[in-house]
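Engineer: Here's a structure for you.
The values are calculated or read from the model by the stated rules, or taken from the named source; none is laboratory data. Just so we're clear, the structure is a prediction, and the values are computed from it rather than from any experiment. Positions of Cβ are backbone-derived with ideal geometry, glycine not excepted, and every protein chain shown enters the neighbour counts.
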Amino acid sequence: MPRQYGHSNIPTELFRSFLAISEHGSFTKAAEALGLTQPAISAQMKRLQGLLGGDLFIKRGQGVGLTELGSIVESYARRVLALNDQVIAIAGRVPKGETLYIGIQNIFVRTVLPKVVRKLPAASTSSYRFISGNGPYLAEKLRSGYVDLAVMFVHSQARRGLIADWMERLTWVHAPHFTVPDDEPIPYLSREGGHIDRAVLDLLDESKVPYRIAFSAVDPWSLAAAAEAGLGLMATLHRGSEELSRSLVVAKSNILPKLPDMRAGVYSKEGFDIERHQALKEAFVSSVRPP
């Protein structure tokens with residue numbers, strides 16, 4: 001019996017819906033973003049999972065996340081759609097041109113975003129979409145091809161896609177009424193899953209400074225709010241610390257070890273055309289590097 005090759009082809013609209021669900025974490029929100037009904041997008045994902053032979057999503061609270069298979073498919077789906085859009089662009093049928101995705105680690109947002117917006121070159125054939133998150137989140141977006149350029153803290157050995165790097169100074173901050181304890185563990189306000197906190201906690205352990213996690217969050221503004229409430233100390237970017245919170249003060253205590261400098265950098269996704277976007281690259285790097 002001859003093989004039905006048409007049955008093994010995956011329509012691009014299934015990939016677009018799949019990526020919308022991955023981005024929004026919800027079938028309903030993805031349907032709204034794409035102008036579809038929730039039953040329609042559910043039917044699409046049922047078809048896609050049937051073609052791939054496995055579940056792509058897992059329940060997470062009120063939304064959904066990706067299974068191991070889903071994470072693998074996400075990377076390939078982005079490549080497929082990128083190639084599809086490039087082919088259509090060659091044919092001259094893309095009315096609005098390309099969208100360039102710019103990632104900014106959340107700890108840098110208040111400090112660099114206004115400069116980035118002012119400096120990025122205006123282009124009639126391109127538009128920009130900005131994405132923020134912690135370092136591991138943006139690193140994953142780069143690996144999957146979802147983000148074109150990103151500024152973030154990185155491991156010193158991470159060189160793939162590196163365009164520029166530099167050292168950033170960190171500082172301890174707390175509320176004016178907070179006193180660093182000298183006879184009990186210091187209350188530390190921790191970022192969940194970030195490069196900064198791994199370095200800071202390693203430093204505290206090496207310095208034999210007792211500590212306890214008093215509060216944890218993913219974004220720096222929640223940590224700043226906890227610090228303002230007097231829950232403890234946080235480590236943050238030295239430049240721009242005033243933009244994070246004007247009510248926090250730099251800690252002055254002999255108990256606290258000097259925080260290590262952290263390597264930050266601008267990275268591009270695999271296959272990003274640096275030569276074509278030279279003006280964008282230069283403007284972005286000059287906007288986010290310290291003076």
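Engineer: If I filter the stretch 196-237 down to residues being of a type in the set (Gly, Ala, Ser) and not in a helix (DSSP H, G or I), which single residue comes out as surrounded by the most Cβ atoms within 10 Å (Cβ to Cβ)? Give the steps one after another, and end with the answer.
Structural biologist: First pass over the stretch 196-237, keeping only residues of a type in the set (Gly, Ala, Ser): 199, 207, 214, 216-217, 222, 224-227, 229-230, 232, 235.
Now drop any that are not not in a helix (DSSP H, G or I), which leaves 207, 214, 216-217, 229-230, 232, 235.
Numbers: 207: 12, 214: 18, 216: 15, 217: 16, 229: 12, 230: 14, 232: 24, 235: 27.
Among them, the one singled out is 235.
Engineer: Additional query: What pairs come out if I take residues in the stretch 249-261 that are more than 11 Å from residue 176 (Cα to Cα) and pair them with residues that are crowded, with 16+ Cβ neighbours inside 10 Å whose C-beta lies under 6 Å away, six or more apart or interchain?
Structural biologist: What qualifies is 253/180; 255/180; 256/172; 257/203; 259/170; 259/235; 260/199.
Residues are listed down the side, and each one gets a yes or a no for (1) more than 20 Å from residue 137 (Cα to Cα); (2) touching a residue at least 60 places away in the same chain (Cβ under 8 Å); (3) not assigned by TED's automatic domain parsing to the domain that holds residue 220:
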position: 162; (1), (2), (3): no, yes, yes
position: 174; (1), (2), (3): yes, yes, no
position: 180; (1), (2), (3): yes, yes, no
position: 186; (1), (2), (3): yes, yes, no
position: 194; (1), (2), (3): no, yes, no
position: 202; (1), (2), (3): yes, no, no
position: 205; (1), (2), (3): yes, no, no
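Engineer: Considering each of 212, 191 in turn, give the residue that is at pLDDT 90 or above and more than 17 Å from residue 284 (Cα to Cα). Don't jump to the end; show me each part of the working.
Structural biologist: On the way: 191 fails: at pLDDT 90 or above.
Checking each option against the conditions leaves just 212.
Engineer: Could you tell me how many of the residues in the stretch 222-249 are among the β-branched types (Val, Ile, Thr) and closer than 29 Å to residue 284 by Cα? Walk me through it before giving the result.
Structural biologist: First pass over the stretch 222-249, keeping only residues among the β-branched types (Val, Ile, Thr): 236, 249.
Filter again for closer than 29 Å to residue 284 by Cα, leaving 236.
Selection size over the stretch 222-249: 1.
Engineer: Go through 153, 130 for me and flag whichever is under 30 Å from residue 70 (Cβ atoms), touching a His at 6+ places or on another chain (Cβ under 7 Å) and not assigned by TED's automatic domain parsing to the domain that holds residue 235. Please lay out each step first, then the result.
Structural biologist: Details: 130 fails: touching a His at 6+ places or on another chain (Cβ under 7 Å).
Only one candidate qualifies: 153.
Engineer: Only one of 50, 54, 70 is small (Gly, Ala, Ser) and surrounded by 15 or more Cβ atoms within 10 Å (Cβ to Cβ); which?
Structural biologist: Of the residues listed, the single one that is small (Gly, Ala, Ser) and surrounded by 15 or more Cβ atoms within 10 Å (Cβ to Cβ) is 70.
Engineer: So, one more: Name the residues in the stretch 231-249 that are farther than 16 Å from residue 169 by Cα and of a type in the set (Lys, Arg), would you?
Structural biologist: 246
Engineer: What are the residue pairs meeting all of these: first residue in the stretch 56-78, first residue at pLDDT 90 or above, second residue part of a helix (DSSP H, G or I) and of a type in the set (Asp, Glu), Cβ atoms under 9 Å, and 6 or more apart or on different chains?
Structural biologist: Hits for this filter: 56/74; 66/74; 71/140.
Engineer: Same structure again: Might you let me know whether the stretch 268-287 holds any residue that is of a type in the set (Val, Ile, Thr), part of a strand (DSSP E or B) and either modelled with pLDDT of 85 or more or surrounded by 13 or more Cβ atoms within 10 Å (Cβ to Cβ) (or both)? Show your work before the answer.
Structural biologist: Filtering the stretch 268-287 down to residues of a type in the set (Val, Ile, Thr) leaves 274, 285.
From the residues that got through so far, the ones that are part of a strand (DSSP E or B) too are none.
No - not one qualifying residue is present in the stretch 268-287.
Engineer: Turning to a different aspect of this structure: Confirm whether residue 46 is part of a strand (DSSP E or B) and at negative phi. Spell out how you get there, then give the answer.
Structural biologist: Numbers: part of a strand (DSSP E or B): no; at negative phi: yes.
Criteria not met by residue 46.
Engineer: Which count do you get for residues in the stretch 238-262 that are in a strand (DSSP E or B) and either exposed (fewer than 14 other Cβ atoms within 10 Å of the Cβ) or out of contact with any helix residue (DSSP H, G or I) (no Cβ under 9 Å at 6 or more places or on another chain) (or both)?
Structural biologist: Filtering the stretch 238-262 down to residues in a strand (DSSP E or B) leaves 249-250, 262.
The next check asks that each one be either exposed (fewer than 14 other Cβ atoms within 10 Å of the Cβ) or out of contact with any helix residue (DSSP H, G or I) (no Cβ under 9 Å at 6 or more places or on another chain) (or both); those that pass are 249-250.
Of the residues in that region, 2 qualify.
Engineer: Then there's this: Give the residues of the stretch 207-220 that are hydrophobic (A, V, I, L, M, F, W, C) and touching a residue at least 40 places away in the same chain (Cβ under 8 Å), sorted by residue number. It would help to see each step written out before you state the result.
Structural biologist: Our first condition is that a residue be hydrophobic (A, V, I, L, M, F, W, C); within the stretch 207-220, this holds for 209, 213-215, 217-218.
Matches in the stretch 207-220: 209, 218.
Engineer: Can you tell me which residue in the stretch 142-167 is modelled with the lowest pLDDT, limited to those that are surrounded by fewer than 20 Cβ atoms within 10 Å (Cβ to Cβ) and charged (D, E, K, R)?
Structural biologist: Here the residue is 159.
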